[in-house]
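Computed from the coordinates by the stated procedures, all read-outs in this text should not be read as laboratory data. On a predicted model such as this, the values are computed, not experimentally measured, just so you know. All Cβ positions, even for glycine, are placed from backbone atoms using ideal geometry, and neighbour counts span all protein chains on display.
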Amino acid sequence: MYADLSAFLTDLDQRGLLTRVSEPVHPDLEIAAVTDRACKSAGGGPALLFENPTGFDIPVATNVFGSLERMCLALGVKSLDDLAREINELMTPAMPEGIIDALRMLPMVGRLRDLMPKTVKDAPCQEIVQRDGTLDELPILKCWPEDGGRYVTLPLVFTRDPETGVRNIGTYRMQVFDGRTTAMHWQRHKGGAQHHRVAERLGERLDVAVALSPEPVLTYAATAPMPEGLDELLLGGFLARRRIELVKCVTVDLEVPASSHIVLEGYVEPGERRREGPFGDHTGFYSQPDDFPVFHLTCITRRRRPTYLTTIVGIPPMEDFYLGMASERIFLPIIQKTVPEIVDMHFPAEGIFHNLVIISIDKRYPGHARKIMNAVWGLGQLMFSKTVVVVDKDVNVHDVREVAWIVGTHMDPVRDVQMTKGPVDDLDDAAELPAYGGKMGIDATRKWASEGYTRNWPARIRMTAPADRRAGEIWARLAKASAR
Ligand SMILES: Cc1cc2nc3c(=O)[nH]c(=O)nc-3n(C[C@H](O)[C@H](O)[C@H](O)COP(=O)(O)O)c2cc1C
Ligand SMILES: [Mn+2]
């Protein structure tokens, strides 16, 4: 597993998956424009390393996680489903039968112990300590023309619950107000916002540390929809297959990944808000200005020669689609522990995660699809799902064209659409109120007599196996003949 971002970039380079850009490119729009081209090319395009961002001597890396292949490399697996299988095994510990079985299970027990982070004394991220450092030294991008300013788009925001001490890490963008202050865009439903809520109730300042360009598994872990109160570093340790090394911050009472290239230490005051936005968001539209807490910088620590890792969000597909795909695969087995009838699940890129969730189920009883919708609307960050489509298990949820065909043929709009209301994503501008709005579930499963469907459900057209085999042979000969 990659020790740090540098090791990952070196490996990507050797595999031909990284494009170095040596000519000067401006952090103001130009880097974003080039990155957008990469994201929109086949398969997500290459990772990009801008070696000479205009006006800065810190290289900028973008689209590093922006393909399925690179996402798998970052998480150290051949396929994301391998990871899902491993997680499933971890959560289904069979009781050992006899000593041989028990010995075979030892690696798994070791694996659990290896989840815990550990603290080290010296860290690369503190080679340089700048108590009077400013954000003007960092090549922070302006992404889109109407953005309210420059945004740190891929920060790992570390906080602790002031009462319980439980740690949270989330990726929340930060708009640069000036060299020492930024916005802190944790939305109301997120872990950081909850810690801030507690701090405000106590009338206390909340320490915040922001890790930039850490070891690759952590960039992912900070975006993962971990259940509240579960430390993202446990997931990080699981993915890294070793304990994550942390180092104490210099000016705040928090620890950050030793592997980070740059760390911003600071705090958020109770009660303070400032206008944030607009920002060209992952919806493909500009998020409108709104009031958010303010991050005050107390210190920058960094490596001697850091790389600034960032991302561009915008009209899908973008890099965040692949980060979300990792969560789709990693969290499926976890969700299946609570809702085992879920067979598969997919968030198509155009649905930007919360707008469209497609779920296939092993239907067992009348009304089952509706039970699944309600489960989804009650499960962690899946609660944001605006449209939930439920299909039978023989439908491939990853094939959006097949799903559209099945929905069209299996749904009676009057009978099969479930409308409800609930919390929606902060970024949902269609909702009547901020963060509260309508939801729709579509039951596109085959309807049963016990559900009131008394006509005959039609059979799907399928060729017989012998005729299909024969067709394969004939077709191959025809192809060869026409190639001649
Ligand atoms: C590139 C990127 C940018 C994000 N920006 C924000 C943001 O500005 N605010 C926010 O609340 N969530 C943002 N998210 C989503 C959160 O990181 C995600 O919901 C995460 O699971 C939150 O963790 P938490 O549950 O510990 O709060 C972003 C995700 C990605 C991939
Ligand atoms: Mn969390």
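Miscellaneous remarks
- When only Cα pairs below 8 angstrom with a gap of at least 6 residues are kept, the chain shows a relative contact order of 14 percent.
- Links that overshoot a 23 Å alpha carbon limit, given the list 371/393; 142/248; 142/439: 142/248; 142/439
- Summing charges over all other residues whose Cβ lies under 15 Å from the Cβ of residue 13, with Lys and Arg as +1 and Asp and Glu as -1, gives -1.
- Stretch gain in nm, segment residue 118-residue 23, where the contour uses 0.36 nm per residue and the Cα spacing is subtracted: 30.1 nm
- Where labels lie 7 Å past Cα in the beta-carbon direction, separation of residue 101 and residue 448 in nm: 3.4 nm
- Relative contact order, whole percent, for region 10-72 stands at 34, derived from Cα pairs under 8 Å and 6 or more residues apart.
- Here residue 461 and residue 400 are evaluated by their C-beta separation; at R0 = 22 Å the FRET efficiency comes out at 0.60.
- Percent RCO, i.e. relative contact order, over region 244-389, from Cα pairs under 8 Å lying at least 6 residues apart: 16 percent
- Net charge over other residues, Cβ less than 9 angstrom from the Cβ of residue 410 (K, R count +1; D, E count -1): -2
- Most tightly packed first, judged by the mean number of other beta-carbon atoms within 10 Å of their residues, the peptides 257-270, 465-478 read 257-270, 465-478.
- Each label point was placed 7 Å from the Cα along the Cα-to-Cβ direction; for residue 420 and residue 481 their separation is 5.8 nm.
- Residue-averaged [θ]222 nm for the chain, counting only DSSP H segments that reach four residues, each worth -39500 (n - 2.57): -9000 deg cm²/dmol
- The magnitude of the dipole of region 140-241, with charges of +1 and -1 set on the Cβ of Lys/Arg and Asp/Glu and taken from the Cα centre, is near 120 debye.
- For residue 356, nonlocal amide neighbours, meaning residues 5 or more places apart or on other chains whose placed amide H falls under 5 Å from its own, are 386, 387.
- Highest to lowest packing among 449-457, 230-238, 401-409, scored as the average C-beta count within 10 Å: 230-238, 401-409, 449-457
- Label-to-label distance for residue 33 and residue 129 is 4.3 nm, based on points extended 7 Å past Cα in the beta-carbon direction.
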